Amino acid sequence: MRLFPDLEYPIKQHWLPAPSKRRSRQPAHKIRFLVAHDTGNPGSTAAGNVKYYENSCQQISASAHLFVDDKQIIECIPALTAPPEKAWHVIYNCTEDSRLYKCKANDAAIGVEYCYGANINADEAYRRYVWVLAYACSKFHLDPAHDIIGHHKLDPARKRDPQSGLAVSGRSYAQLLRDVADAYARYSGKVAAKPVAAPIIPWTDAPPAGIITVRARLNLRYGSPSRLAPGRIVPAGLQVTYIGRVLGDDIDGNNRWYALPNDEYCWSGGIVENS
Ligand SMILES: [Zn+2]
């Protein structure tokens, strides 16, 4: 089975000039784990951080591979779209990485930075952050339960990220790890489909199951037919099999939703039913 079929968020390449202090171009060792960071700079965006990196790449050596905000995922050091290179995201003289993973984060880990703050939609940024961590686990055959670690765990004397940034967005580090494991399981199809949680209420005489086509880019919701449920964006034109019709959140006067396998829901206003 192909992992993460056609539903992924785009990963935008904006690689830093190399060789430079921030991007040495040295190939990374075999990727052994992921380090979750936040920018430590509330309100700064993925594009803004990468721009800053770019402008200072000959002066400062700190770097991370990816920045994630509510609009995009930017890769500034090759990690997911090309063979990974080293980035300088955890100080070399900490010892937790060696103890836990038998290697150094800068050599064998991907660093992913979470952007947060007043002007950033926390739900959207968090969704992308969870997704890209799950995707990286799949890409490098990592176990999301053990192979993701917060910077604050590696360098507790100096660092509080990503705990601090996640807290601003109303999430905890423990929640992040659970959500990544959950997303990984769902997207990779490695867990059995759960029964549909919401009651199935037929709202037309049409067949209770069938195929629908996404009319415009929209969110499939996980766990309940609600705009507040976590979601993943799917593109227009995608064909989806549904297994029931349920009543859920009212959006623009329409409370009819389709129940999909794997406990996902799709608002009927965003789709066309195939004949
Ligand atoms: Zn950090």
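The values are calculated or read from the model by the stated rules, or taken from the named source; none is laboratory data. If you're wondering where the values come from, they're calculated on a predicted model, not measured in any experiment. Note: ideal-geometry Cβ built from the backbone for every residue, glycine included; neighbour counts use all protein chains shown.
Take G150 and tell me if it is closer than 30 Å to A109 by Cβ and modelled with pLDDT of 90 or more. Lay out the reasoning, then the answer.
Numbers: closer than 30 Å to A109 by Cβ: yes; modelled with pLDDT of 90 or more: yes.
Answer is yes for this residue.
Restricting to region 132-164, count the residues that are within 16 Å of L34 (Cβ to Cβ) and either of a type in the set (K, R) or near the ligand (Cβ under 10 Å from one of its atoms) (or both).
Applying the first criterion (within 16 Å of L34 (Cβ to Cβ)) to region 132-164 yields 132-155, 159, 161-163.
Adding the requirement that they be either of a type in the set (K, R) or near the ligand (Cβ under 10 Å from one of its atoms) (or both) leaves 139, 150-155, 159, 161-162.
The total comes to 10.
Evaluate the following for Q59: is it farther than 12 Å from F33 by Cβ, away from the ligand (no atom under 16 Å from the Cβ) and surrounded by 16 or more Cβ atoms within 10 Å (Cβ to Cβ)?
no
Table: residues versus (1) on the phi < 0 side of the Ramachandran plot; (2) part of a loop (DSSP other than H, G, I, E, B); (3) in contact with a Pro (Cβ under 6 Å, 6 or more places away or on another chain).
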position	(1), (2), (3)
A18	yes, yes, no
R25	no, yes, yes
G43	no, yes, no
G48	yes, no, no
Y53	yes, no, no
S61	yes, yes, no
A64	yes, yes, no
L80	yes, yes, no
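Take the residues in region 101-112 that are part of a helix (DSSP H, G or I) and within 16 Å of the ligand (Cβ to nearest atom); name whichever of them is surrounded by the most Cβ atoms within 10 Å (Cβ to Cβ).
Filtering region 101-112 for residues part of a helix (DSSP H, G or I) gives 101, 105-108.
From the residues that got through so far, the ones that are within 16 Å of the ligand (Cβ to nearest atom) too are 105-106.
On the way: A105: 29, N106: 20.
Selected residue: A105.
Residues in region 62-83 that are more than 14 Å from the ligand (Cβ to nearest atom) and not charged (D, E, K, R): Q72, I73, I74, C76, I77, P78, A79, L80, T81, A82, P83.
Restricting the first member to region 153-173 and to residues that are farther than 11 Å from Y116 by Cα, and the second to residues that are more than 9 Å from the ligand (Cβ to nearest atom) and among the acidic types (D, E), the beta-carbon pairs closer than 6 Å and six or more apart or on different chains are L154/E96; L154/D97. Would you say K51 is away from the ligand (no atom under 16 Å from the Cβ), within 26 Å of A174 (Cα to Cα), surrounded by fewer than 23 Cβ atoms within 10 Å (Cβ to Cβ) and of a type in the set (K, R)? For K51, the condition - away from the ligand (no atom under 16 Å from the Cβ), within 26 Å of A174 (Cα to Cα), surrounded by fewer than 23 Cβ atoms within 10 Å (Cβ to Cβ) and of a type in the set (K, R) - is not met.
Quick one: in region 113-149, of everything that is among the small types (G, A, S) and assigned to a loop (DSSP other than H, G, I, E, B), which residue is surrounded by the most Cβ atoms within 10 Å (Cβ to Cβ)? Checking each candidate, the answer is G117. Note on region 29-39: among residues that are part of a loop (DSSP other than H, G, I, E, B) and either in contact with a strand residue (DSSP E or B) (Cβ under 9 Å, 6 or more places away or on another chain) or not assigned by TED's automatic domain parsing to the domain that holds A167 (or both), the one that is nearest to the ligand (Cβ to nearest atom) is T39. Taking every residue in region 81-98 that is without any contact (Cβ under 8 Å) to a residue 12 or more places away in the chain and pairing it with any residue that is assigned to a loop (DSSP other than H, G, I, E, B), at least 6 positions away or on another chain, the pairs with Cβ-Cβ distances below 8 Å are S98/K104.
If you go through region 235-264 and keep only what is in contact with a strand residue (DSSP E or B) (Cβ under 7 Å, 6 or more places away or on another chain), of a type in the set (D, E) and in a strand (DSSP E or B), you end up with D249, E264.
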